[in-house]
1. What's the long-distance tail for region 64-207, i.e. % of Cα pairs beyond 24 Å?
2. Under 8 Å for C-alpha pairs, at least 6 residues apart: give me the relative contact order for region 1-70, rounded to a whole percent.
3. Name the GluC sites (Glu not before Pro) in region 1-87 that are in a loop by DSSP and that have at most 15 other C-beta atoms within 10 Å, would you?
4. Take peptides 213-222, 23-32, 101-110 and line them up by average Cβ neighbours within 10 Å, highest first, as a rough protection proxy.
5. Specify, per residue and in Å³, the volume enclosed by the convex hull of the alpha carbon atoms belonging to region 132-278.
6. Tell me the Rg and the Dmax, in Å, that the Cα atoms of region 1-57 produce.
7. Using +1 at the Cβ of each Lys and Arg and -1 at the Cβ of each Asp and Glu in region 20-150, identify which of Cys142, Thr45, His108 lies farthest towards the dipole's positive end.
8. Relative contact order of the chain: what whole-number percent is it, with Cα pairs under 8 angstrom and at least 6 residues apart?
Amino acid sequence: QILSDLSMDGIVAYIRKKPCRNIVTMVGAGISTAAGIPDFRSPGTGIYHNLKKYNLPYPQAIFELAYFKEHPEPFYELASDLLPGEYRPTKSHFFIKLLEEKGVLLRHYTQNIDNLERLAGISEEKLIEAHGTFYKSHCLGCQNQYGFEWLKRQINRKRIPHCIHCNALVKPDIIFFGENLPRRFYQKMYSDFVECDLLIIMGSSLEVEPFASLALRPSKMCPRLMINLVPVGDNIEFLFGKSANDRDVLWIGDCDAGCQLLADKLGWGDDLIKLLAT
Ligand code: OAD
């Protein structure tokens with residue numbers, strides 16, 4: 001039996017007994033909703049449910065490379081609301097920072113482009129920004145690079161950013177559908193998931209590949225804890241609710257509450273509250 005109990009208590013007992021040193025975290029937009037940033041797919045509030053004014057052929061087109069090249073306007077209008085800068089990290093972000101401080105975080109894989117991991121102090125070395133970042137941009141013609149301040153200026157002036165050298169369209173280095181994920185994602189993925197001794201997944205629908213399938217990579221001996229508002233991951237072969245389950249724990253609820261509960265049970269609750277106050 002890998003976990004003594006298929007619950008948060010079982011995970012805590014496992015972390016202590018092993019003891020875990022190589023926790024991998026995998027997150028999505030759900031860890032930032034408490035900061036005021038909408039996720040993508042939650043009914044009603046998700047970005048994909050609120051794009052009517054753009055007259056897109058389908059919601060995801062706004063993040064598709066081929067569509068963007070022809071019609072960059074919807075993306076850039078939306079981008080003015082998504083630009084990093086005005087939001088504070090949530091308790092979930094600081095929980096991941098706490099895992100790093102306790103020396104048990106191997107790597108944090110995020111799909112988010114809101115920069116809140118960096119603001120929470122998670123070090124570059126621990127971080128994989130799988131869907132890229134707004135902090136750099138490139139010209140789609142001559143590849144000239146632009147910084148965040150330049151991009152922000154264009155967006156705030158309601159201009160579609162064009163290259164000052166060749167006048168081609170400029171696109172931030174966030175990963176659109178139709179683009180490869182950053183090299184670092186693939187470089188770290190193989191060894192990280194061999195070493196991983198606990199996987200914690202939070203706030204993602206696990207609908208987007210190749211990110212979602214990272215959850216298939218840990219060994220069969222590695223427990224997987226999912227903290228999410230709703231059950232997700234039909235594509236991932238989780239064992240929740242199956243009689244053969246000896247390693248997967250589903251904790252349904254708000255991820256900030258889940259993180260505080262886990263920290264409390266580990267005896268790190270006050271440390272988390274202190275980090276949040278910094
Ligand atoms: P989604 O919007 O698809 O999923 C967010 C998940 O988090 C949902 O299952 C929510 O129920 C859950 N959730 C929301 N708030 C929560 C909270 N406070 N506590 C716990 N769970 C919460 O967002 P992602 O999975 O991040 O990619 O979406 C993946 C990718 O799809 C994004 O990176 C983006 C998008 O297209 C690109 O644009 C390339």
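1. 38
2. Once normalised by length, the contact order is 11 percent.
3. Glu86
4. 23-32, 101-110, 213-222
5. On the way: hull volume 24.5 nm³, N = 147.
Value for region 132-278: 167 Å³ per residue.
6. Both quantities, over Cα of region 1-57: 18.6, 54 Å.
7. His108
8. Here the relative contact order equals 24 percent.
The values are calculated or read from the model by the stated rules, or taken from the named source; none is laboratory data. All of these numbers come straight from a predicted model, not from anything done at the bench. Using ideal geometry, Cβ is built from the backbone for each residue, glycine included, and neighbour counts are taken over all protein chains shown. All accessible areas refer to the heavy atoms of the entire protein, side chains included, with ligands and DNA or RNA removed. Shrake-Rupley method; radii C 1.70, N 1.55, O 1.52, S 1.80 Å.
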